[in-house]
1. For the Cα atoms of the chain, what angle does the longest principal axis make with the long axis of helix 181-192, in degrees from 0 to 90, nearest 10?
2. Determine the percent antiparallel among the DSSP beta bridges restricted to the chain, to the nearest 5.
3. Per the helix-only calculation at 222 nm, which mean residue ellipticity applies to the chain, given -39500 (n - 2.57) for every DSSP H run of n ≥ 4 and division by its residues, nearest 500 deg cm²/dmol?
4. Which values, in whole Å and largest first, are the semi-axes of the equivalent ellipsoid of the range 93-152 obtained as the square root of 5 times each eigenvalue of the Cα gyration tensor?
5. Beta carbons within 10 angstrom, averaged per residue: use that to sort the peptides 33-41, 130-138, highest first.
6. Could the peptides 275-288, 68-81, 115-128 be put in order, highest first, of the mean number of other beta-carbon atoms found within 10 Å of their residues?
7. Quick one: 3J(HN,Hα) in Hz for the range 261-275, Karplus 6.51/-1.76/1.60 with θ = phi - 60°, rounded, Gly and Pro as x.
8. Quick one: what are the phi-derived ³J(HN,Hα) couplings along the range 58-71, Karplus 6.51/-1.76/1.60 with θ = phi - 60°, whole Hz, x for glycine and proline?
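Nothing in this text is a laboratory measurement; each read-out follows from the coordinates by a stated rule. The model shown is predicted, which means the values in this text are computed figures rather than measured ones. Quick reminder, even Gly has a Cβ in these numbers, built from the backbone with ideal geometry, and neighbours come from all protein chains shown.
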Amino acid sequence: MTGRIRVGVIGIEHLHLFEMVDGLVRAGAEVAAVDAEPGPLLDLFVGWQPGARRVDRSAMLGDDSIDVIVLAGVPADRASVAVKALRAGKHVLAAKPAVTTAADLALVDAAATEHHRRWWVFFSERLTNRAVIEAVRLCSGGAIGRVVAVSGSAPHTLAAPTRPPWFFDTRRAGGILTDLAAHQADQFLSLAGPGTWEVTGALAANLATPDHPDFCDLGRFSIHHTRPDGTVVVGHHHVDWLSPAGLGTWGDVRLTITGAEGSVEVRSNIDVCGHDGAEHLLVVDGSSARGWIVRPW
């Protein structure tokens, strides 16, 4: 890979695609090509990146000038496209969930290893929220002592009439834990550090969406992580599609980290009935309690 990195986009089924491409462009990449289903998101993308050629994905993967493929198609299709891209010598950046089954994960991992290419997953809740970024930095630096517990809560707005049919098909979308709770698992592992982990309990259920009986609108999971020195971190996480319309944002997402010597809380999008703004960070340690807002409104 020499000179300016050239990017190809395959699939635009989520707005995360725009965040991923924007980050690459800001870093100096050039968007060379796009292949996606016709619709408002493709129209929006082409208007934003008029230099991107509309080409078939097979031609895109055969174009040696393209270095990185960005994937944001239907979740169940992302792994197979990633494998083809890796075998074609491309690096891959995928929206979460990048895979929907353990078998697909194994295929992608094998292709990346065999062809010596990188496969990244974009977890926006950790990588673009500055309060979460700072929380991870503080905890990694020992600001609250050894991390012993992590809990996350991520309600989302369903807006069912705006969703495509595949969204309500668990086999195609991956289900609520694979889709939404992937963010919480990512944050937990970044805070817990190296070690071995085990999911000790999980729940996915339809409790309030009768029009889509096979769709799970609430999910929870618990995780137990053991570090190489034998110390333990426990995690309990909740996600749902039940965020109310009156909230003013898509979800009251929170992250709470308990350490042996303090605690950190992140209110990612809003402080309900509290301070205005987003990306709130609250820190309590042996000397004081303090908080700040990263992004005022």
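1. Once rounded, one gets 60 degrees.
2. For the chain, the DSSP antiparallel bridge percentage is about 60.
3. Details: 10 runs with 87 residues, N = 297.
It comes out at -8000 deg cm²/dmol, rounded to the nearest 500.
4. With the √(5λ) rule applied to the range 93-152, the semi-axes are 30, 13, 13 Å.
5. 130-138, 33-41
6. Working: 275-288: 15.4, 68-81: 23.2, 115-128: 17.1.
Highest to lowest by the protection proxy: 68-81, 115-128, 275-288.
7. Rounded to whole hertz, the list is 10, x, 8, 10, 10, 10, 10, 5, 10, 6, 10, 4, 6, x, 6.
8. 5, 5, 5, 5, x, 8, 5, 7, 8, 9, 10, 10, 9, 10
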